[in-house]
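Report on the following structure.
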Amino acid sequence: MKTVTVYGADWCPLTKRAIAHLEQMKIDFRYIDIDQNPRAARWVREQNGGKEIKPTIDIGGEVLSEPSDAELEAALL
């Protein structure tokens, strides 16, 4: 099973959508609110050319930025 970490913000609708989809798929994941974690926010910017894109999701080393539900599913297979 791939390790899944969601980097996002509690107020972000795209983060909420991604989390809801992972929960619907019954995927275990770790959530990190980058508004509360400066180190995680820095990592997100490093992955996205300096931009703080939410959500940024690490799936077993594969990094997805603002993925669609279909992109999430494909990365988890």
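Bear in mind that the values in this text are calculations on the coordinates, not laboratory data. Treat the numbers as computed from the prediction; the structure is a model and nothing was measured. With ideal geometry, Cβ positions are generated from the backbone for all residues, glycine too; neighbour counts draw on all protein chains shown.
Considering only the range 28-60, state which residues are surrounded by fewer than 13 Cβ atoms within 10 Å (Cβ to Cβ), more than 10 Å from the chain's Cα centre (by Cα) and without any contact (Cβ under 8 Å) to a residue 40 or more places away in the chain. Within the range 28-60, Asp28, Gln36, Pro38, Arg39, Arg42, Glu46, Gly49, Gly50, Lys51 meet the criteria.
Scanning the range 43-77 for residues being in a helix (DSSP H, G or I) and out of contact with any Lys or Arg (no Cβ under 9 Å at 6 or more places or on another chain) gives a total of 8. Among the residues of the range 61-73, not one is buried (at least 17 other Cβ atoms within 10 Å of the Cβ) and farther than 16 Å from Thr15 by Cα.
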